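The next block holds one structure in the form of structure tokens; read it before the comments.
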Amino acid sequence: MAESLQKAFFGVMALSLAAIAVELVPVSRQSEAWNRCLDTTSRFLSTLHKLQDTGEVGREAIAVNICNGAVHYNKSNK
């Protein structure tokens, strides 16, 4: 009786672990896409002459804002 109960617990644990692994796949893909966005945007911002004085940390902060979707427009240029 105790042996069959132990096998059932192991089965439940295996199914739970598999379900958790399946749930983590979209998170992994999203983080991969975000990292790609950050790398590409950082490289692009480093080529802009206006941002050369900003420094690496400043350009990375701008890249994080862009990849998060927080792009702000200057209202006076509309």
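The values are calculated or read from the model by the stated rules, or taken from the named source; none is laboratory data. Small disclaimer: the values here were computed from a predicted structure and weren't measured. Glycine gets a Cβ as well: all are built from the backbone with ideal geometry, and neighbour counts include every protein chain shown. For accessibility, only protein heavy atoms count, side chains too; no ligands or nucleic acids. Shrake-Rupley method; radii C 1.70, N 1.55, O 1.52, S 1.80 Å.
Some notes on this structure:
- Among residues of the stretch 17-34 that are under 17 Å from N68 (Cα atoms) and of a type outside the set (V, I, T), those with a Cβ under 9 angstrom from a residue that is modelled with pLDDT under 95 and open to solvent by 80 Å² or more (accessible area, probe 1.4 Å), sequence gap 6+ or separate chain, pair up as W34/N68.
- Across the stretch 29-78, the number of residues qualifying as in a helix (DSSP H, G or I) and exposed (fewer than 10 other Cβ atoms within 10 Å of the Cβ) comes to 8.
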